[in-house]
Amino acid sequence: SQKIEQNSEALNIQEGKTATLTCNYTNYSPAYLQWYRQDPGRGPVFLLLIRENEKEKRKERLKVTFDTTLKQSLFHITASQPADSATYLCALGRSSASKIIFGSGTRLSIRP
Amino acid sequence: GAVVSQHPSRVICKSGTSVKIECRSLDFQATTMFWYRQFPKQSLMLMATSNEGSKATYEQGVEKDKFLINHASLTLSTLTVTSAHPEDSSFYICSATRQGIYEQYFGPGTRLTVT
């Protein structure tokens, strides 16, 4: 069955450093991969989408890479800030109306 | 734009009663809505996919007679937890998509506690 793993359950880094989160998947051929941010007690908020034919996407301090050969996506937050502390979820999907499958999430903490 | 609301945000009910949760897309028409549940420190588990005017598609292991989903219009979907039990206590989140758009817009969630 399909499986999505976000390798780190929790990640703690110093403010100003680059945070790198990993998402690996097996037994699945996604058309796209998304990253969401979730704060405690709130619903997820969409951050970035990258399609299977794209290698890299950027948005302000965020960067996502997608390697369909390795079946892996990396999510980077540069110049991290305490306000970036949250749980980050990756999700895979095949079409715009289809369901997406979420990873277990990585809880990121940025210390001042 | 793309705001999704949920009501109520928190609900406490007695075992055996039914609870209805509403999910509304406030500024767009949602072709598809999804219902998830999330246990503490766990990821979102999809319960069902709902398209306006048709029956919901439930994920394996989700009892359709217990979790009734109605998607009566392009802006409203409801989830009714029937005969709730303490094990149904969880965080329920809905999301909505627009036609041709990949990202899902999530509601703020509903915390259900069954006593």
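Observations on the structure shown:
- Taking region B:1-14 as the range and being in a loop (DSSP other than H, G, I, E, B) and surrounded by 12 or more Cβ atoms within 10 Å (Cβ to Cβ) as the test, the residues that pass are B:A2, B:V3, B:P8, B:S9.
- All strands (runs of 3 or more DSSP E) inside region A:25-112 with 3 or more residues being closer than 26 Å to B:S5 by Cβ and within 13 Å of another protein chain (Cβ to nearest Cβ): A:32-38, A:45-51, A:86-93
- Residue selected from region A:26-78 under the condition at pLDDT 95 or above and hydroxyl-bearing (S, T, Y), by the criterion nearest to A:I4 (Cα to Cα): A:S73
- Test: residue in region B:32-48 that is more than 13 Å from the chain's Cα centre (by Cα), assigned to a loop (DSSP other than H, G, I, E, B) and surrounded by 18 or more Cβ atoms within 10 Å (Cβ to Cβ): yes
- Consider region B:105-115 and keep the residues that are assigned to a loop (DSSP other than H, G, I, E, B) and either facing another protein chain (nearest Cβ under 8 Å) or in contact with a Ser or Thr (Cβ under 6 Å, 6 or more places away or on another chain) (or both). The one that is nearest to B:A2 (Cα to Cα) is B:G107.
- Some residue of region A:1-18 being touching an Asp or Glu at 6+ places or on another chain (Cβ under 7 Å) and either away from chain B (no Cβ under 14 Å) or of a type outside the set (S, T, N, Q) (or both): no
- Any hit, region B:54-69, residues being surrounded by 15 or more Cβ atoms within 10 Å (Cβ to Cβ), outside any strand (DSSP E or B) and hydroxyl-bearing (S, T, Y): no
- Within region B:89-104, if we keep just the residues that are part of a strand (DSSP E or B) and facing chain A (nearest Cβ under 7 Å), the residue that is nearest to B:I21 (Cα to Cα) turns out to be B:I93.
- Take the conditions (1) more than 12 Å from the chain's Cα centre (by Cα); (2) surrounded by fewer than 19 Cβ atoms within 10 Å (Cβ to Cβ); B:R111 misses just one of them, which is (1).
The values are calculated or read from the model by the stated rules, or taken from the named source; none is laboratory data. As the structure is a computational prediction, the values presented were derived from the model and not from experiment. Note: ideal-geometry Cβ built from the backbone for every residue, glycine included; neighbour counts use all protein chains shown.
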